[in-house]
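The values are calculated or read from the model by the stated rules, or taken from the named source; none is laboratory data. What you are looking at is a predicted structure, and each value in this text was computed from that prediction instead of being measured. Ideal geometry is used to build each Cβ from the backbone, glycine not excepted, and the neighbour counts take in all protein chains shown. Note: accessible area is taken over every heavy atom of the protein model, side chains too, but ligands, DNA and RNA are not part of it. Shrake-Rupley method; radii C 1.70, N 1.55, O 1.52, S 1.80 Å.
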Amino acid sequence: MRRLLRAWSVLGALAGALAAAEAFAQAPAPANADRGLPVPVLTPATRLEPPAQQARKGLLPAEPRAGAPDAAKMEIEDSPVFIRADRIAGIAEQFLEAEGGVELRTRTQTIRADWLRYDIVSDEIWGKGSVVLRQGIDWVTGPELRFKRDAEIGFFRDARFYFGENGARGTAADLQFAGPDRYDVVDARFTTCAAPREDWYLALDTMELDMDRKIGTGRNATLHFLGAPVAYTPWIQFPLSGERKSGFLVPVLGSSESRGFEVATPYYLNLAPDYDATLVPRYMSKRGLQLGGQFRYLQPEWAGEFNGAYLYDDLKTGTNRYLVSWKHNQNFPQLPGLSGYLNLNHVSDANYFSDLSAAVSLTSQSALPAEGGLAWSRGPTSVLARVQTYQSLVPNAPPEAQTYDRVPQLLLNVNEVEWAGLDFGVAAEYASFRRPGRVEGERVYAYPTVAWSRTGPWWFFRAKGGVNSRYYSLDQPREGSSTPSVSLPIASLDAGIQFERQDTIFGRDIIQTLEPRAYYAYIPYRDQQTLPNFDSAPDDFNFAQLFTENRYLGYDRIGDANQLTLAATSRFLDATSGEERLRVSVGQRFYFNEQQLTLGNETPRASSSSDFLVGVEGRLSSTWSVAGLWQINLDNGDTERFNAGARYTPGPGRALGGTYTYTRNAVDLSGAANYLRQFDVSGQWPIGGNWSLVGRWNYSLADSTTLEAVGGVEYNGDCWALRIVGQRLTTSLDTTSTSIYAQLELSGFARIGTNPLELLRRTVPGYQKLNESAGSLLERGGDFNEF
């Protein structure tokens with residue numbers, strides 16, 4: 001029975017787009033019946049022992065039959081068979097006939113029929129009249145079933161099937177059992193639309209299923225959509241049970257200003273169970289023919305992939321353009337805790353992604369990494385040894401604007417370990433920095449720390465101290481020395497308390513907390529202007545930075561500090577569930593000394609206090625969430641930064657959100673001021689008739705420029721969906737890209753066209769694809785009679 005049900009589950013993968021439903025358990029089915037034998041009357045409910053058990057009891061000969069089953073099959077055949085019917089007759093240990101509400105059950109399956117004959121000696125089943133085979137929420141039904149289990153031959157007439165896993169259903173005129181693990185299907189039809197709808201279906205004249213090779217072969221396959229044939233192939237081969245198989249994947253179509261009309265036709269190569277490849281020829285009307293590919297490999301101890309693309313004689317630039325990439329991860333089980341990795345990337349020119357890609361994650365990169373390393377971790381200790389290089393993706397970028405290579409870099413980190421009531425830790429690094437046209441050299445960094453901590457139910461206190469030391473060896477002297485060094489003691493105190501009270505807001509019981517916190521940091525001034533700057537930059541001013549020692553990122557600058565941070569947070573918690581509904585935080589830093597150390601063209605601080613921060617974040621209800629940050633200069637009343645956003649999600653497929661971002665004066669390393677003012681709105685909303693609008697608009701008010709615009713419509717037909725989406729993306733200061741995505745998705749079967757789903761999930765927070773599988777009829781309150 002399992003092979004019979006498994007054969008029908010394969011129909012759920014007819015065009016190779018889906019895995020077949022889970023394999024069913026083995027099914028007995030009859031051959032020729034002799035209804036003329038005298039039969040005694042049996043009880044209405046009878047338990048029959050299978051032939052293997054009878055042979056062990058001496059009731060049947062123990063000699064194996066031809067084509068004896070393997071151990072797994074014997075285990076299934078040895079399971080008892082139960083039969084229930086209005087009338088049961090037969091000869092004990094030979095055969096029986098049942099009539100009227102017949103139900104045959106094994107451990108995991110059920111067969112129902114109006115009439116059924118089970119030949120015990122030959123292990124054959126013959127059923128007539130509304131025969132139903134069921135396992136879980138999957139079933140197959142038809143007027144007649146015959147099956148001989150030892151040879152695995154037989155048939156199922158005029159079958160109808162349903163699989164609850166993906167809501168697939170269909171019909172077949174005939175299913176022939178052609179031997180062990182082989183099936184021939186005639187006149188098959190398949191869809192995932194709920195009955196009685198058939199908005200789309202796939203029809204095949206014949207289909208051969210080889211369960212040993214996990215391959216199905218269909219002939220004269222026609223796809224029908226909304227009553228019209230839309231695709232035909234005289235021959236198709238597809239994998240069964242979700243296994244990979246070589247063949248063409250769905251073509252990718254698109255259009256953009258930079259590339260023109262484009263089409264890619266990926267071809268998948270299933271080379272072996274542990275490695276495969278995909279070849280991707282891609283034609284762009286404004287660029288030419290690009291050949292690309294991917295090779296993937298997977299082993300228990302290592303895995304990775306190669307990617308590459310080559311465009312010969314770009315029609316716009318007249319140059320050959322290429323991309324190569326290799327990512328690899330390696331474990332060393334012989335050396336516990338040791339692992340390695342490679343992430344090697346290179347492109348032919350700085351404009352490669354802005355010209356040939358429509359992905360924001362690629363076009364927004366300013367540097368392309370190529371690195372490899374070894375990592376070791378054991379207990380609190382971790383070590384990383386790596387080499388990092390960067391290819392600049394900013395055209396004609398001067399050397400001072402390019403990232404340093406680290407060739408190599410060694411990092412040591414020991415998390416705090418408690419000893420004698422104190423917590424000891426250390427961070428250390430050795431790095432060699434290289435970049436033509438800039439100061440090059442080596443740096444050794446070490447920062448050992450010791451901390452003393454105490455906590456209580458409603459308070460905490462922590463005192464920490466350490467010494468930050470750096471040593472350099474430079475290729476050219478600075479201020480008369482090629483080996484400068486600097487050491488700085490660093491001390492900090494951190495303390496906080498927590499209060500709680502119960503209250504009621506809008507008729508809802510809540511718990512409100514008040515959590516004041518004070519943080520003091522002291523770092524004496526050391527002149528570091530003569531030291532090189534390999535990797536330091538100003539840190540972003542936010543709530544997390546209020547409670548850090550150094551105002552700079554990286555190791556080349558340690559800012560002088562004699563400062564106190566005062567902050568408070570109030571949380572509003574649901575009194576029943578404890579869920580946080582709203583959090584409001586305020587904080588400010590106070591300086592006791594003037595700033596002496598600056599980085600680049602940074603202007604020294606003139607105030608005795610920092611800007612004042614106000615932060616709000618929370619999920620006010622099941623539909624509304626908000627977040628905001630306000631940074632205000634209390635000396636002159638100017639708002640330095642203001643971010644505010646809200647999201648409304650009342651239900652699936654209904655999401656509206658918007659954010660506003662304002663930064664008055666952002667300073668980069670060159671000292672240039674960047675005025676930032678943007679809004680970003682997005683949403684997904686039904687407009688009636690199963691149609692929904694989706695879109696996003698990210699606009700820079702400072703530049704009067706649309707950074708990214710996405711807009712489209714989506715039709716949800718339950719068992720199918722149509723999506724048409726357009727995207728306009730600013731890829732550089734003077735370059736934009738426009739792309740069109742059009743996709744027809746047949747639920748549980750295949751997607752035809754260019755896939756916009758990843759784009760929509762990235763650009764529309766809360767976006768949800770509505771046309772999931774048609775679902776189980778049982779879940780919708782139906783059964784197989786709903787056909």
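Where residues in the range 167-182 are part of a loop (DSSP other than H, G, I, E, B) and either of a type in the set (V, I, T) or on the phi > 0 side of the Ramachandran plot (or both), which of them is surrounded by the most Cβ atoms within 10 Å (Cβ to Cβ)? I'd like the intermediate steps shown before the answer.
Of the residues in the range 167-182, the ones part of a loop (DSSP other than H, G, I, E, B) are 167, 179-181.
Right, trim to either of a type in the set (V, I, T) or on the phi > 0 side of the Ramachandran plot (or both) and you get 167, 179, 181.
Numbers: G167: 24, G179: 12, D181: 16.
By that ranking, first place goes to G167.
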| field | Count of residues meeting criterion [in a strand (DSSP E or B), open to solvent by less than 30 Å² (accessible area, probe 1.4 Å), modelled with pLDDT under 85 and of a type outside the set (S, T, Y)] in the range 216-261 | value | 6
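Select the strands (runs of 3 or more DSSP E) contained entirely in the range 85-146, then report the ones holding at least 3 residues which are closer than 26 Å to A173 by Cα and open to solvent by 10 Å² or more (accessible area, probe 1.4 Å). Let's see the steps before the verdict.
Details: elements: 87-91, 95-105, 110-119, 124-135.
In the range 85-146, the matching strands (runs of 3 or more DSSP E) lie at 95-105, 110-119, 124-135.
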| query | Is at least one residue of the range 156-166 of a type in the set (S, T, Y), in contact with a helix residue (DSSP H, G or I) (Cβ under 8 Å, 6 or more places away or on another chain), modelled with pLDDT under 85 and buried (at least 18 other Cβ atoms within 10 Å of the Cβ)? | reply | yes
| Residues of the range 342-369 that turn out to be assigned to a strand (DSSP E or B), open to solvent by less than 40 Å² (accessible area, probe 1.4 Å) and either closer than 29 Å to Y283 by Cβ or free of Cβ contacts under 8 Å to residues at least 24 places away in the same chain (or both), as a count | 3
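So which residues in the range 285-308 are in contact with a helix residue (DSSP H, G or I) (Cβ under 8 Å, 6 or more places away or on another chain) and either of a type outside the set (K, R) or closer than 22 Å to L344 by Cα (or both), if there are any at all?
Residues of the range 285-308 that are in contact with a helix residue (DSSP H, G or I) (Cβ under 8 Å, 6 or more places away or on another chain), as a first pass: 287, 290.
Q290 - this is the single residue of the range 285-308 that is in contact with a helix residue (DSSP H, G or I) (Cβ under 8 Å, 6 or more places away or on another chain) and either of a type outside the set (K, R) or closer than 22 Å to L344 by Cα (or both).
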| Out of all the residues in the range 369-387, which are over 27 Å from the mean Cα position of the chain (by Cα) and within 15 Å of R406 (Cα to Cα)? | L384, A385, R386, V387
| If we keep just the residues of the range 528-550 that are touching a residue at least 40 places away in the same chain (Cβ under 8 Å) and of a type in the set (D, E, K, R), which is nearest to T449 (Cα to Cα)? | E549
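In the range 387-395, is there at least one residue being under 22 Å from Y268 (Cβ atoms) and among the hydroxyl-bearing types (S, T, Y)?
Applying the first criterion (under 22 Å from Y268 (Cβ atoms)) to the range 387-395 yields none.
No, the conditions are met nowhere in the range 387-395.
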| For P457, which of the numbered conditions (1) within 29 Å of F547 (Cβ to Cβ); (2) out of contact with any Pro (no Cβ under 8 Å at 6 or more places or on another chain); (3) touching a residue at least 40 places away in the same chain (Cβ under 8 Å) fails to hold? | (3)
| field | Enumeration of residues in the range 750-762 that are more than 13 Å from the chain's Cα centre (by Cα) and more than 16 Å from G653 (Cβ to Cβ) | value | A750, R751, I752, G753, T754, N755, L759
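Can you give me the number of residues within the range 155-176 that are over 20 Å from R197 (Cβ atoms) and under 40 Å from the mean Cα position of the chain (by Cα)? Please lay out each step first, then the result.
Restricting attention to the range 155-176, the residues satisfying the condition of being over 20 Å from R197 (Cβ atoms) are 155-159, 173-176.
From what's left, under 40 Å from the mean Cα position of the chain (by Cα): 159, 175.
Residues flagged as over 20 Å from R197 (Cβ atoms) and under 40 Å from the mean Cα position of the chain (by Cα) within the range 155-176 amount to 2.
Restricted to the range 684-696, and to residues that are open to solvent by 20 Å² or more (accessible area, probe 1.4 Å) and in a strand (DSSP E or B), which residue is farthest from L770 (Cα to Cα)? Before the answer, list the steps.
Looking only at the range 684-696, we keep the residues that are open to solvent by 20 Å² or more (accessible area, probe 1.4 Å), and these are 685-691, 693, 696.
The next check asks that each one be in a strand (DSSP E or B); those that pass are 685-688, 691, 693, 696.
Working: W685: 12, P686: 11, I687: 14, G688: 14, W691: 11, L693: 13, R696: 19 Å.
Residue satisfying both the conditions and the ranking: R696.
Among the candidates G587, G658, G554, G578, which residue alone is among the small types (G, A, S) and touching a helix residue (DSSP H, G or I) at 6+ places or on another chain (Cβ under 6 Å)? Before the answer, list the steps.
Details: G658 fails: touching a helix residue (DSSP H, G or I) at 6+ places or on another chain (Cβ under 6 Å); G554 fails: touching a helix residue (DSSP H, G or I) at 6+ places or on another chain (Cβ under 6 Å); G578 fails: touching a helix residue (DSSP H, G or I) at 6+ places or on another chain (Cβ under 6 Å).
Answer to the selection: G587.
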| remark: Among (1) within 19 Å of L253 (Cα to Cα); (2) surrounded by 15 or more Cβ atoms within 10 Å (Cβ to Cβ), Y267 falls short only on (2)
| Does the range 465-489 hold any residues that are over 25 Å from D405 (Cα atoms) and surrounded by 15 or more Cβ atoms within 10 Å (Cβ to Cβ), and which are they? | G465, G466, L488
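Test of understanding: among D540, D503, which residue is open to solvent by 30 Å² or more (accessible area, probe 1.4 Å) and assigned to a strand (DSSP E or B)?
Numbers: D540 fails: assigned to a strand (DSSP E or B).
Every option except D503 fails the conditions.
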| Within the bounds of the range 312-319, is there any residue that is open to solvent by less than 40 Å² (accessible area, probe 1.4 Å) and either in contact with a helix residue (DSSP H, G or I) (Cβ under 6 Å, 6 or more places away or on another chain) or not in a loop (DSSP other than H, G, I, E, B) (or both)? | no
| remark: The one condition T649 fails out of (1) touching a Lys or Arg at 6+ places or on another chain (Cβ under 9 Å); (2) touching a residue at least 40 places away in the same chain (Cβ under 8 Å); (3) within 30 Å of I687 (Cα to Cα) is (1)
| request: Could you tell me which numbered condition F424 fails, if it satisfies all but one of (1) in contact with a helix residue (DSSP H, G or I) (Cβ under 7 Å, 6 or more places away or on another chain); (2) farther than 30 Å from T738 by Cα; (3) not aliphatic (A, V, I, L, M)? | output: (1)
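Anything in the range 516-537 that is under 19 Å from S608 (Cα atoms), assigned to a loop (DSSP other than H, G, I, E, B) and open to solvent by 40 Å² or more (accessible area, probe 1.4 Å)? List them, or say none. Please lay out each step first, then the result.
Taking the range 516-537 first, the residues under 19 Å from S608 (Cα atoms) are 518-525.
Among the residues that remain, those that are also assigned to a loop (DSSP other than H, G, I, E, B) are: 524-525.
Residue satisfying the conditions is Y525 alone.
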| note | Cβ pairs under 6 Å, 6+ apart or interchain, first in the range 282-304 and open to solvent by 90 Å² or more (accessible area, probe 1.4 Å), second among the aromatic types (F, W, Y), ordered by first then second residue, are L289/Y283; L291/Y310
| said: Given the condition touching a Phe, Trp or Tyr at 6+ places or on another chain (Cβ under 8 Å) and closer than 16 Å to F163 by Cβ, answer yes or no: does some residue in the range 196-204 qualify? | reply: yes
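Would you mind finding the one in S577, S585 that is on the phi < 0 side of the Ramachandran plot and open to solvent by 70 Å² or more (accessible area, probe 1.4 Å)?
Values: S585 fails: open to solvent by 70 Å² or more (accessible area, probe 1.4 Å).
Going through S577, S585 in turn, just one is on the phi < 0 side of the Ramachandran plot and open to solvent by 70 Å² or more (accessible area, probe 1.4 Å): S577.
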